[in-house]
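Student: Below are the structure tokens for one structure; questions will follow.
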Amino acid sequence: MRSLLLGVLAAYVVAAIHAVLAFINKRRALQRVSEWAMLTGFVLHTAAIVADWAIYGHYPLFYLRETLSFLAWTLIASYALVLYRYRARPLGSFTLPLVSVLIFIAIITRPEPSGSAEASSMSTTWLFPVHTTLLLFAYAAFFVVFVASIMYLLQERELKLKKFSAIFHRLPSLTIVNEIATSSAAIGLTLLTVGIATGMLWSSSRDGRIWHNDPKEIFAALTWLLYLSLILYRSTASWRGRMAAWMGVAGFALVLFTFFGARLMGGYHVFG
Amino acid sequence: MSIVLVGVNHKSAPIEVRERLAFTEDACAAGLRSLVDGQIVREGLIVSTCNRVEVLTETADGQLSDTTERVIEFLSRSDVLPRSFYEAHLYTHTDDQAVRHLFRVTSSLDSMVIGEPQVLGQVRRAYSIALETGTTGRVLNRLVHHAFRVAKRVRTETGIGANAVSISYMAVELGKKIFKTLEGQTALLIGAGEMAEHSARHLVNAGVSRVLVANRTEEPAARLANELGAEAVRFDQLSDYLAEADIIICSTAADHYVITEPMAREALNKRRNRPSFFIDISVPRNIDPAVGKIRNVFVFDIDDLESVISSNIREREREAERAELIVNSEIMQFQQALRALDIGPTIGALRQKLQDMARLELTNQRKRLGPLTPEQERAVEALLMSTVNKISHPLLSHMRRSYDASDAETIQAWRDIFGLEE
């Protein structure tokens, strides 16, 4: 489904460029173009994922190519949710370029041999697709936490220094980015918890063990702890500001490492 | 047609000159009636504010210098003001330059504080006076409406009016930056001075739902509270109210810190870390600078506000450069719109065409008339021309009427019927 994915890439690139321009110029018309392009891209993207599933016969979230494309899809979905709930348009200037890059890498990644037995065997139980899907949505939520935290830190710093850059006036208010970070972190943590639990269930049904001590599991556990403490920290006082924002940034570094780094270190969680 | 604009503004003339030249609304109407005679000055409009007096007129081609002279003379108020008193401060713009000037004034590019929103309303008011007086016609109506459109474009497409450039508005803007909205927020005024009152009014307009006023002497607090629909609170219980307030504006004449670091910390704890926003407009300062170091507490003193304001002014100036590009492109559009309506060339071309037809017929049929004396020849031609003019006269006056009614469609129809180019 490479040709379809090229169309998706084109739509997302258009959306990304217009989102960035709208961010700089504050033009409503540009933002509208960006949102329509994003919607078009998202529809095509969904079609491409479904087509992949139908053609290759396994849940399209197994190989690196599929994972990147699926991650991009969850990021768009999360951004759309934040846009709908908070009208936080500047988030698009961060999300859409990243999504475009992910799709681009997915396109240039060498396609795997079709009909792989390993991929099909993973799809026999519903636990594995649920496990991976939930985790990708959790990562997308943590990305939103990360961007909102960056926005918080930038603005908090400028308010304390009393020197405002051009970007300051274009970002959502402190209260809004704080709310976005808090609710995304709560959603992300929930997804992560259920995702890890289904992974454990699946693993125990496969070989009777729920923990393999492999790097991905260890880092996922650390990530889980970090976001749990972030949530607890935020709920002890309704607002913790800068410290919580820093945790949102650090948590995302850990997420990135869990996602990419663990692959390099080998272990149980390396497929394809 | 030509457009002439004569005026003074805050850059060209000192206040002593501007205040003498200024028109009250009644004087505007009366002045317009005497200035616009329908012959030389065909249309007129006067914009008079504390920063500018502008006389905008429309005149026939070739009457430019007469009109300018008339307007300058007009400003003397029948020689009440000597011309030498103001003439050196006047600027005169014609046609495109006049259009540009009006567009810039209306878009607030020519204002003392760039981007201030009042000037648009002032031009609107000036226009409605001229409209009531009946001194605007097809050209100025079009021009002024176009100017309003430009102002709207400039305001929505550039950040010219975006960032606050006054202290009282700054409080609103920063408040919105910290809290998502000011609706439902509580403001506390410490000190009941004029500045505090001014800022509080802005906050209330922006949605602040509850205002508390604390003053060392209770009587001014009660008075201000009454005016603002606020609650007067006891000054010695300040620390209790501090926790309830999201925005605190401090402007007392005290020579010590009214709000100390421990007070602010205690309030923050009671607020469960919700951010609070302190504005200290008093000199000497009333809020301990150490308060600003506390997390989730934002303190702006008068110097901070001034420096943000001056950087906002620089930002507006940058945005003004983008606005100038909009003005340039709109001038071109206005020229086109005006040209499409300009009947002069159409009428000239039509008359020429009919006369050419008559002359051609005469040349073709000339030999049938036999030898004629030069006088007879001239008489024949005069006869032809007067017949052509008599027949075309009702036609041309009908065309003029559709032009006066700014009826572009009918004008185009005339052009099509006679195969005339624009």
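Student: Cα to Cα, under 20 Å, and not fewer than 8 places away if on the same chain: which aspartates and glutamates meet these conditions relative to residue B:11?
Tutor: Correct list for residue B:11: B:19, B:54, B:87, B:110, B:116, B:317, B:321, B:324.
Student: Principal axis lengths of the stretch B:22-73 from Cα atoms, whole Å, largest first?
Tutor: Per principal axis, max minus min of the Cα coordinates gives 33, 19, 15 Å.
Student: Moving on. For B:271-282, what's the mean count of beta carbons from other chains sitting within 10 Å of each residue's beta carbon? Display every interim value, and only then the final one.
Tutor: Working: counts 3, 5, 9, 6, 7, 0, 2, 0, 0, 0, 0, 0.
Counting other chains' Cβ atoms within 10 Å and averaging over B:271-282 gives 3.
Student: Order by neighbour count: A:212, B:198, fewest other Cβ atoms within 10 Å first, most last.
Tutor: On the way: A:212 14, B:198 18.
Least to most surrounded, the residues fall as A:212, B:198.
Student: Set the Förster radius R0 to 35 Å, insert the Cβ-Cβ distance between residue A:213 and residue A:81 as r into 1/(1 + (r/R0)^6), and round the FRET efficiency to 0.05.
Tutor: Details: r = 35 Å, r/R0 = 1.01.
Computed FRET efficiency for residue A:213 and residue A:81: 0.50.
Student: Once every DSSP H run of n ≥ 4 in chain B is given -39500 (n - 2.57) and the sum is divided by its residues, what mean residue ellipticity at 222 nm do you get, rounded to the nearest 500 deg cm²/dmol?
Tutor: On the way: 16 runs with 236 residues, N = 422.
Taken over chain B, the calculation gives -18000 deg cm²/dmol.
Student: Considering every Cα-Cα pair within the stretch B:167-308, what fraction, in whole percent, is farther apart than 20 Å?
Tutor: Values: 3826 of 10011 pairs.
Tail fraction, whole percent: 38.
Student: A follow-up question, please. Using the structure shown, select from A:216/B:177; A:216/B:180; A:160/B:180; B:177/B:293 the pairs with a Cα to Cα distance greater than 29 angstrom.
Tutor: Numbers: A:216/B:177 40 Å; A:216/B:180 39 Å; A:160/B:180 18 Å; B:177/B:293 19 Å.
With Cα atoms farther than 29 Å apart: A:216/B:177; A:216/B:180.
Student: Then there's this: How large is the dipole of the stretch B:31-151 about the Cα centre if only Lys and Arg carry +1 and Asp and Glu carry -1, each at its Cβ, rounded to the nearest 20 debye?
Tutor: On the way: 13 positive and 15 negative charges, 92 e Å.
Dipole magnitude for the stretch B:31-151 comes out near 440 debye.
Student: Let's test this: bin the Cα-Cα distances of the stretch B:346-418 at 10 Å from zero up to the farthest pair and state each bin's percent.
Tutor: Distribution as computed: 18, 40, 23, 14, 5 percent.
Student: Hey, another quick one. Placing +1 at every Lys and Arg Cβ and -1 at every Asp and Glu Cβ, with all other atoms neutral, what dipole size does the protein assembly as shown have around its Cα centre, in debye to the nearest 20?
Tutor: Details: 73 positive and 70 negative charges, 360 e Å.
Here the protein assembly as shown has a charge dipole of around 1720 debye.
Student: May I ask you to list the trypsin sites (Lys or Arg not before Pro) in the stretch B:292-370 that are in a DSSP loop and have at most 16 other Cβ atoms within 10 Å of their Cβ?
Tutor: Numbers: sites: B:293, B:295, B:314, B:316, B:318, B:322, B:339, B:351, B:353, B:359, B:366, B:367, B:368; in loops: B:295.
Sites meeting the loop and neighbour criteria: B:295.
Student: Could you order peptides B:127-133, A:158-164 by the average number of other Cβ atoms within 10 Å of their residues, highest first? Write out the running numbers ahead of the final one.
Tutor: Values: B:127-133: 17.4, A:158-164: 15.7.
By packing density, highest mean first, the sequence is B:127-133, A:158-164.
Student: May I ask you to list, by number, the DSSP H helices of chain B whose Cα span along the axis is at least 18 Å and whose average Kyte-Doolittle hydropathy reaches 0.0 or more? Each step should come with its number before you reach the end.
Tutor: Numbers: long enough: B:118-133 (23 Å, 0.09); B:138-157 (28 Å, -0.49); B:302-341 (55 Å, -0.42); B:343-365 (33 Å, -0.35); B:374-404 (42 Å, -0.57).
For chain B, where a helix must reach 18 Å along its axis and average at least 0.0, the hits are B:118-133.
Student: In the P(r) worked out for chain A, what percent of Cα pairs fall beyond 30 Å?
Tutor: Numbers: 11869 of 36856 pairs.
Cα-Cα pairs in chain A separated by more than 30 Å: 32 percent.
Student: What ranking of A:6, A:134, A:225 emerges when the number of other C-beta atoms within 10 Å of each C-beta is taken as an exposure proxy, fewest first? Don't skip to the end; give the middle numbers.
Tutor: Numbers: A:6 15, A:134 20, A:225 12.
If I rank by nearby Cβ atoms, fewest first, I get A:225, A:6, A:134.
Student: Continuing with the same structure: Using alpha-carbon positions, what is the distance between the centroids of the stretch B:237-300 and the stretch B:369-408, in Å?
Tutor: Between the Cα centre of the stretch B:237-300 and that of the stretch B:369-408, the gap is 86 Å.
Student: Pop the C-beta distance of residue B:387 and residue B:337 into the FRET formula with R0 = 45 Å and round what comes out to the nearest 0.05. Intermediate values should be presented prior to the final figure.
Tutor: Values: r = 37 Å, r/R0 = 0.81.
Once rounded, the FRET efficiency stands at 0.75.
Student: Starting from the 7 Å offset along Cα-to-Cβ, what nm value, one decimal, do you get for the label separation of residue A:54 and residue B:253?
Tutor: The answer from the label model is 8.2 nm.
Student: Let me ask something else. Show that you can apply the helix-only estimate: for chain A, add -39,500 (n - 2.57) for every DSSP H stretch of four or more residues, divide by all residues, and state [θ] at 222 nm to the nearest 500.
Tutor: Numbers: 9 runs with 206 residues, N = 272.
The helix contribution divided over chain A gives -26500 deg cm²/dmol.
Student: Just tell me how shielded B:292-298 is by partners: mean number of partner chain Cβ atoms within 10 Å of each residue's Cβ, no decimals.
Tutor: Values: counts 3, 1, 0, 7, 9, 2, 5.
Per-residue shielding by partner chains comes out at 4.
Student: Here is a follow-up. On a 0 to 90° scale, report how tilted helix A:242-256 is relative to the longest principal axis of chain A, with both axes built from alpha carbons and the result rounded to the nearest 10.
Tutor: Its long axis makes an angle of about 30 degrees.
Student: Tell me, what is the FRET efficiency for residue A:236 and residue B:244 to the nearest 0.05, using R0 = 35 angstrom and their Cβ-Cβ distance as r? Please report the intermediate quantities before stating the final value.
Tutor: Working: r = 21 Å, r/R0 = 0.61.
Result of the calculation: an efficiency of 0.95.
Student: Using a 10 Å cut-off around each Cβ, can you sort A:56, A:233 from fewest to most neighbouring Cβ atoms? Could the numbers behind the result be given before it?
Tutor: Working: A:56 21, A:233 13.
Arranged by neighbour count, lowest to highest, A:56, A:233 become A:233, A:56.
Student: What shape does the protein assembly as shown take by its C-alpha gyration tensor, where a ≥ b ≥ c are the square roots of the eigenvalues and a/c under 1.5 counts as rounded, a/b above b/c as prolate, and the rest as oblate?
Tutor: On the way: a/c = 4.30, a/b = 1.53, b/c = 2.81.
Because a/c hits 1.5 or more and a/b fails to exceed b/c, the protein assembly as shown counts as oblate.
Student: Same structure, new question: Give the angle, between 0 and 90 degrees and rounded to the nearest 10, that separates the Cα long axis of helix A:127-161 from the longest principal axis of the Cα atoms of chain A.
Tutor: 20
Student: How many nm separate the modelled label positions at residue B:375 and residue B:310, each set 7 Å beyond the Cα in the direction of the Cβ?
Tutor: With each label placed 7 Å out from Cα toward Cβ, I get 8.8 nm.
Student: What is the ratio of the Cα radius of gyration of the stretch B:2-157 to 2.2 N^0.38 Å, with N the residue count, to two decimals? Each step should come with its number before you reach the end.
Tutor: Numbers: Rg = 14.3 Å, N = 156, 2.2 N^0.38 = 15.0 Å.
Output field value: 0.96.
Student: Once fully extended, how much extra length lies between residue B:260 and residue B:303, figured as 0.36 nm per residue of separation less the alpha-carbon to alpha-carbon distance? Intermediate results must be reported in sequence, preceding the final value.
Tutor: Numbers: separation 43, 0.36 × 43 = 15.48 nm, distance 1.92 nm.
The residue B:260-residue B:303 span can extend by a further 13.6 nm.
Student: Classify the stretch A:127-206 as rounded, prolate or oblate from the Cα gyration tensor: take a ≥ b ≥ c as the square roots of its eigenvalues, call it rounded if a/c is under 1.5, otherwise prolate when a/b beats b/c and oblate if not. Display every interim value, and only then the final one.
Tutor: Values: a/c = 4.58, a/b = 4.09, b/c = 1.12.
Since a/c reaches 1.5 and a/b is larger than b/c, the shape of the stretch A:127-206 is classed as prolate.
Student: Still on this structure, please answer the following. Extending each Cα 7 Å along its Cβ direction at residue B:321 and residue A:243, get the distance between those two points in nm, one decimal.
Tutor: Going from the residue B:321 label point to the residue A:243 one covers 4.5 nm.
Student: What whole-number volume per residue, in cubic angstrom, does the convex hull of the C-alpha atoms of chain B give?
Tutor: Working: hull volume 80.0 nm³, N = 422.
Value for chain B: 189 Å³ per residue.
Read-outs throughout are calculated quantities, based only on the coordinates presented, and are distinct from any laboratory measurement. All of these numbers come straight from a predicted model, not from anything done at the bench. Neighbour counts are summed over all protein chains in view; Cβ atoms, including those assigned to glycine, are modelled from backbone coordinates with ideal geometry.
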